[in-house]
């Protein structure tokens with residue numbers, strides 16, 4: 001999970017607390033009784049005081065109305081001070097924090113900030129409320145990283161423990177296949193097929209866990225990757241499967257503007273990212289296209305550079321995507337209508353979820369649509385300069401074509 005359970009519960013409690021406290025004084029002034037089914041003000045404040053995250057509630061004037069001890073420590077405020085009723089600006093003059101609070105008020109959207117405050121690396125979330133009230137959540141990134149590392153180690157250990165007996169069972173299955181009579185050959189073949197599927201499922205779950213536990217904006221290794229060459233390399237590994245059904249690859253690179261001089265080869269389409277993870281993303285996209293492509297057709301891959309972004313689109317000529325597919329396609333274990341699949345092979349149901357997580361860790365996104373001429377199109381948008389070098393905000397993402 002990208003966010004630890006405690007953080008999610010803290011956000012939920014904070015939304016409730018911010019909403020309730022924002023209208024508390026107004027309700028009291030109008031003489032409205034607080035419904036008995038809602039938690040009382042003291043209960044909400046006790047939750048905030050005991051929360052493992054730093055919590056602070058500011059009114060529309062920027063005055064601190066509630067702050068818990070954890071927030072006092074993270075903001076490095078005097079522990080003995082009475083901070084309630086004091087303007088935040090008088091206690092902490094950090095311009096980054098002030099800017100995030102102003103943006104949350106003006107845009108009425110959650111704002112996230114990674115902030116170096118003294119020797120602490122903080123992750124800050126600012127939640128807007130009514131009448132200019134905001135809730136500010138603070139957490140050290142070091143503690144978050146430690147929890148994510150612990151969860152990844154746990155998943156890795158479990159996956160390792162599962163792989164060992166699965167490998168042993170596969171060896172037993174191979175031994176049985178060489179000795180079984182024709183009467184039981186079908187059963188042994190099914191056993192081997194299911195064991196291979198379980199082995200793939202364990203590997204995919206481990207990879208998905210690693211991707212989901214990657215901190216936002218931290219894609220790991222970043223190198224220049226020639227997408228065109230990577231597509232051809234991935235297809236070479238899938239070619240035996242494609243040739244069984246006479247499916248070909250049609251790779252088209254859209255030239256940049258202005259175009260290269262006449263007689264020169266098109267410049268390679270290069271992005272910055274983790275080459276091994278991009279290889280996995282393309283493998284899943286092309287394998288998915290082969291599953292749905294009719295026999296004797298082509299899987300069309302198009303590379304387009306647009307500003308700071310590169311689009312890689314993969315189109316099959318299959319039956320296309322239903323409305324339900326378009327809504328749930330990238331959810332883990334989602335499977336569409338089996339009648340649409342043209343291949344007898346089955347997957348783990350995690351392939352496109354992995355693609356989505358890889359896109360996020362690389363600073364991009366993936367989306368699906370139906371082509372006007374028939375078939376499904378999966379589009380992978382990647383920043384050409386990588387997330388660490390990207391200066392354009394996420395709101396400047398291309399809207400697709």
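Quick note: the coordinates plus some simple rules give every number you see, no bench work behind them. Keep in mind it's a predicted model, so treat the numbers as computed, not measured. Counting neighbours? That spans all protein chains shown, and the Cβs are built from the backbone with ideal geometry, glycine included.
Here are a few things to note about the model shown:
- Ordering of 241-247, 129-135 by burial proxy (mean other Cβ atoms within 10 Å per residue, highest first): 129-135, 241-247
- Packing-based order for 231-238, 289-296, using average beta carbon neighbours within 10 Å, highest first: 289-296, 231-238
- Ranked packing of 105-115, 311-321, most packed first, by mean Cβ within 10 Å: 311-321, 105-115
- Cα gyration tensor category, rounded, prolate or oblate, for region 73-130 with a/c compared to 1.5: oblate
- Cut-off 12 Å, label 7 Å out along Cα→Cβ of residue 102, residues of region 47-87 by amide N: none
- Counting other Cβ atoms within 10 Å as a rough exposure proxy, the listed residues 206, 350 run 206, 350 from fewest neighbours to most.
- Pairwise Cα inverse-distance average, inverted: Kirkwood Rh of region 34-127 (Å): 14.3
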